[in-house]
Amino acid sequence: MSCSLWEFCRLQELRTVRDYLFQSQKPEPAEENNEADNQLSWDTSDWESAWDGGDNKEEETTSTTTVEEETIGQTGPWLQDCVVALSPCSDLLVVAREQKAVFLSAKWHTDDSGREEMTLDVAWTGILCTEEGECVSSCVCIPLASQKRSSTGRPDWTCVVVGFTSGYVRFYTEKPFSAVKLNLSHQNGVLLLAQLLHEDPALRLKCRTYEIPRHPGVSEQDSATVSNEAKSAAAGSDVIQPPPLTYKKWGLQEMDTVVDHSSVGIMTLCVFDQMKNASILGGFNASVKGNPPAMSQYVAVGGGPYTGFYYAVEGSSQPLLSHVAMAVASKLTSALFNAARFGLPDSRRHGESICLSPCNTLAGVTDDFGRVTLLDLARGIAIRMWKGYRDAQLGWLQVPEERGDREFSPSASLPRRHALFLVIYAPRRGILEVWAMQQGPRVGAFTVGKHCSDKKSERAKDMHLLKRLTTILRSREMEPDILENEAKIVLLDIKHPAIKKQALESLLSNKNVLVSCLTNITSTLYDTLKQQDPEDVDAALLQLCSLQLKLLQLYTDIQQLHSAADAEACSDNQDSLEGMIDELSRVGPILQRYAQLTSRPSVSFAQDSPDSPMTAQAFLSQMECTEGGELKVIRGAETEWNHLGNFLFWGSLCGKSPLHKVCDTLQQAGVSPQQLLSLLLSVWLQREKEVLQKSEETVRNLHTLLSALSNMKGAVEESWDSQSVSPWWQQVRSTCIQSHNAAAALLAAFVAHRAAKASITSHADSKLHSEWEAVSLELEQWVVCVRQLEDVLVLQTLLLVPPPQGAAAGTAAQCSIKTLLEGGTGGIADNVAKWVFRQNLAPQRLKEILQETEDKDKDVELGQTSGEEGNDEKEQRPEDTDRTAELLLAVCQRFPHSLSPDLLFAHCCWEYVVQWNKDPEESRCLCSAVEHLKFISSPHIQLGISAMMWSTFIVKRFSAAAFLMEKVGKAPKDRLCRRDVGMGDKAVTSFLGCCAQLLQILMEADSAVEEVSPPELSIEEAWCGAEGPASIAELALEQRGVHYPLVQHHCLLASLLNAAMTFSVKVKPLSLFDSKGKNAFFRDLTTIQLMPSGDMDPGLVSLRQEFLLRVLTGWVQAIDDPSSSASGTECSPLPPVGPRADWWPALCLELGSLLQVNPDILRRHLVCELYNQGLDPRAEEVMLEVEDKDVLGSQLLVLTGQRLSFSLLHSQSQTQAAMELLARLPPTLCTWLKAMDPSELRCPLVPLSHSSRLVSRLIEILPENHAQYSLALHLQEAVDAFTTED
């Protein structure tokens, strides 16, 4: 759906209209008006300020029309102060102000080109008011077709109805009858009828027109009385007394103010609405007629309420106007008979106007809040509202369906459909909008000028030309020469300098126009401006043309230099690498390795490619001219800056363009050498991969370009103080220091170092003496910079090594001198620690590599083998792993202080615990952090790191786990662990084990700090300028000491929690401690707390003993390996971690001593559990440490009896020999065996050799006077006999 504005006529004499209506305010003209005076210059200051941003300097030129505007004093839109009425036929326009009025009628004119157009010319001017003090308040033009006798169907004439502030309404003809004098207010205006309707001003006049089907849009008024009077006036008769008009006059009650209304017409309510209204108005006892009456609906807008709906029942008498003249004069109004009224109440809102739709079902209302409300007249409700339309004016469009659209439609025989649109004119915004009804979108919007003040002037024409140019530029199919000619014509036709400048800028920014076209068009415009009188030419426009021509010429010259192959351009650069060969060969291996790591494929977009050609429009958008006439590059986005650098210098760096010619061209254009240097370095650093592919050639060309730029005027200051650093070379160093492209920055530093040395030498020679101090100061800066860049290159190469498959993902860190210095003294170690994490490098492996670094007696160059001693080891490792280790060695050698083992282990420990804190489910990270912590040799650093880890990351989750286990009384399930601790049950188990190890390390470090002095942290000389946060090691050394008993107290709890989670033991861990112990938990480890002391309550000791016994039982069950237990006496090795770890018994014994539990009880229980599980070899090892052998002997005697009872009595495969042996046993032994319960054994099927060995051990540990010694002897005889039989 689309719409457009259609011009149907023009107003040629608006100046005449204004001069007549505002004649009292106009002084005598000082000079004669010229021909153009009749074309009114409107006050368009607000419109122009919105277009030109308030810069209307071109309007300051004096002109006759502008002077007249100012003298008249019309600072605002004068037409807004007038009453304007346009005939629906568009052939009559009435403009009135106060007592005066001007009638403009339609006439056809032929313009200079022979094209006919309709204009509205002044047909009559005069004074309409006859009463003293009255003014015109409203007006409406009504076209009339008397009895439809017009042959064309057009109206015969138009009646002008005018309302006055006195309450009179007068009817006029629009024809100029000079001979008629009937109540004339002017010689050329005919008054048909005048009537006083009320003593208040006539606010609005409205007329409902009749639409002729044959000619849509032409209106007709059925009024024979007025037509006859018009005939009489036309005939020149002044004796006919016109009959009074029939009328209805209503008093709209219960509405505070009425400013506008609409008569909707006759309507009939449905039965439901009739009953609803009767109930609301008449109450419960209201009577309802059978047939709903026909009513006239009126809608009024104003205040209190701002919209009111009125209904008058038809059928009342209609008195003549003459019969009630006295009643009108005394403000008496007829009653509103049988009326039902309601409205839209809004105490703050006041309606301003109402506009009825052609179909009489909708109406638009404007109010003082700047809203436009759409009303449904049938239901009396608001269905839509627009905001932001203050002082809006409304209209309606009803568009019929196209006939061609219905020819093939199934509904072709039905009447044509119509689409309804609401037209809103917002004068303050200068926009005309068209909205589809009822809830449709906006289908059109037109800029018509604020207050309809789009002046018919050169500016309006220029705006049209500007739009035409925009259309031409959007056409992609137009030939270049045609486009050039059309653009020239349009650009030269535009008169207004600001619009001409905008058109030129639009042309220059269009990517579809060729460079040659841009040059020709701009040159033509420039020549035209130069030929004009300098006083009439806008200086800014002329300067813009000159600058753009200069830039276009520069763009063309650079483009031609790059396209023309000049083989001689680089012939003089063969010696440029002298002095840098050694440096390049020294860093050659690391450059090669760096190039391999950076050459990995990556995803990029074609439009972002540096090889994409640069358009002239992009070139022009990045250049501007200073007041001094020099060209200045606009520093915009980084991609645009790099793109410009590629366009200017990449061809020269590749050797495809003449280097000196490019520099000379840029120098002649006036671009500052500092900006050229910045562009050169940006493209050099950006194209690092291509630079490394042909390093010698590109380095040679870079040296030539850098030297050429250094020799430009304004590069190196002639008055350069030898005691200070040159700003020119400092710019190069600053760029290299900030660059993340380590290899390209290092090569640029090599070149700049050599060029600076040559420049300083020549500068000193020109002064006929050698400035040694200046030379040493400048070159010392370069020595430090080169050293730092070499360090950064080796470090960046290490960071680029990709992680092994399956390791933690993440992008490689980008480092530069600036980032390392800003990272503080620990920035280097922090970067390496992040790399260690990405590589998933085991702490033990890292220790081995660092140990190799310490064992080196001489530096190991990257890429070289360390000798024959390491060949065997290298053959066992993959090649990539070996090269990575060598790379790490090289980095550690370049940073011997920053990457000392303790500092690196400290940063690795912190990096792993930080990563674990991000994802606590990754328990591997916390375990690795603890392992790195163990390898720190300095107890001071170890103590500080441990304390920071505990307080920052550990204690909160540790306390949550303890309280959770205390609450549930056992090892919590996975869901509860995730809810309270933030990780799953398996991760909690590992976490608690790491907590115990961390606290153990903390205790050991606290014990050792007294014996060792704190380490002195240092940094390399080249990096002593580091500023930033303190390193982890420095923070660790600043930590306060801890309270050893409190740490041990927490370590005890951590071990208990770990054991309970590992073996799923039911326990309330905090209940194993008294009140003092509970109160000391989770306190700051540096504070002194009141700890438990003395003998513990026996009840607590019993609970502790029971818990430790269950832990030992769980461990025995965990290590059970049937294959190993059945094989013989040898014990299979146990893993170092997990529930099968071999250190659990020792831990339980240690915990027993701390918890006041008798350790011998734990040992005896462990021996019995091992025998019970069938792990006899392990039990024999523990048995040696038992002190109370008598009790152990009694316990093992029962266990032996259970084994023999199972073999003789409870085995499913009882043999004849076993039955005979049982019969030969002594009665006492037989009775005792039958009393045994083999079901208590977890592993009853034990080899007889194991049981025989156990009985032998029993006889050894039991004294002969023991009560069960004889029983043990009988058991040995039975087992030996059974073994023999077996």
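The values are calculated or read from the model by the stated rules, or taken from the named source; none is laboratory data. Because the structure is predicted, anything quoted here is derived from the model rather than measured. Here the Cβ is made from the backbone with ideal geometry for all residues, glycine too, and neighbour counts use every protein chain on show. Note: accessible area is taken over every heavy atom of the protein model, side chains too, but ligands, DNA and RNA are not part of it. Shrake-Rupley method; radii C 1.70, N 1.55, O 1.52, S 1.80 Å.
Computed FRET efficiency, Cβ-Cβ of SER762 and ARG787, R0 22 Å: what is it to the nearest 0.05?
On the way: r = 26 Å, r/R0 = 1.16.
Result of the calculation: an efficiency of 0.30.
In the assembled protein chains, THR952 presents an accessible area of approximately 80 Å² (probe radius 1.4 Å).
The Cα-based radius of gyration of segment 461-551, divided by its Kirkwood radius, gives an Rg/Rh of 0.94.
Inter-label distance, HIS418 to GLU1004: 9.8 nm, where each label sits 7 Å from its Cα along the C-beta direction. In this simple spin-label approximation, SER585 and HIS1266 carry label points 7 Å from Cα along the Cα→Cβ vector, and these lie 8.6 nm apart.
Grab the Cα-Cα distance for LEU492 and ALA286, subtract it from 0.36 nm times how many residues apart they are, and report the gain in nm with one decimal. Don't skip to the answer; put the middle values down first.
Values: separation 206, 0.36 × 206 = 74.16 nm, distance 8.03 nm.
Net length gain for the segment: 66.1 nm.
In the complete set of protein chains, residue-level accessible area for ILE737 is approximately 50 Å², probe 1.4 angstrom. Once the 1.4 Å probe is applied to the protein heavy atoms, segment 1034-1147 comes out at 48 Å² accessible per residue.
Which distance in Å, rounded to a whole number, links the C-alpha centroids of segment 964-1018 and segment 621-666? Between the Cα centres of segment 964-1018 and segment 621-666 lies a distance of 61 Å.
May I ask you to give the solvent-accessible area per residue for segment 466-511, in square angstrom, as obtained with a 1.4 angstrom probe?
Working: 2590 Å² over 46 residues.
Counting only protein heavy atoms, the per-residue value for segment 466-511 is 56 Å².
How much accessible area per residue does segment 792-849 have, counting only protein heavy atoms and a probe of 1.4 Å, in square angstrom? Intermediate values should be presented prior to the final figure.
Details: 2100 Å² over 58 residues.
It amounts to 36 Å² per residue over segment 792-849.
Fully extending the segment from HIS740 to SER475 would add 91.0 nm, taking 0.36 nm per residue of separation and subtracting the current Cα-Cα distance. Based on Cα contacts under 8 Å between residues 6+ apart, segment 909-980 shows a relative contact order of 24 percent. A 1.4 Å probe, protein heavy atoms only, puts the accessible area of ARG1203 near 10 Å². Of the listed pairs LYS818/LYS986; LYS461/LYS632; LYS387/LYS500; LYS973/LYS1076, which have alpha-carbon separations greater than 32 Å here? Beyond 32 Å between Cα atoms: LYS818/LYS986; LYS461/LYS632; LYS387/LYS500. Could you list, in their original order, any pairs among LYS107/LYS488; LYS661/LYS694; LYS550/LYS689; LYS834/LYS1068; LYS956/LYS1066; LYS107/LYS467 whose Cα atoms are separated by more than 32 Å? Beyond 32 Å between Cα atoms: LYS107/LYS488; LYS550/LYS689; LYS834/LYS1068. When the solvent-accessible area of segment 929-1021 is split by element, carbon and sulfur atoms take up 50 percent of it, the probe being 1.4 Å. For segment 1018-1024, the Karplus equation 6.51 cos²θ - 1.76 cosθ + 1.60, evaluated at θ = phi - 60°, returns couplings of 9, 9, 4, 4, 5, 10, 6 Hz by residue, with Gly and Pro reported as x. Remark: spin-label model distance VAL1191-VAL515 equals 10.2 nm, labels positioned 7 Å along the Cα→Cβ axis. Placing R0 at 56 angstrom, the Cβ-Cβ distance between LEU1090 and GLU1240 gives a FRET efficiency of 0.80 after rounding to 0.05. Within the accessible area of segment 662-745, the carbon and sulfur atoms contribute 45%, probe 1.4 Å, all protein chains present.
When restricted to Cα atoms, segment 960-1017 yields an Rg and a Dmax of 16.8, 49 Å, respectively.
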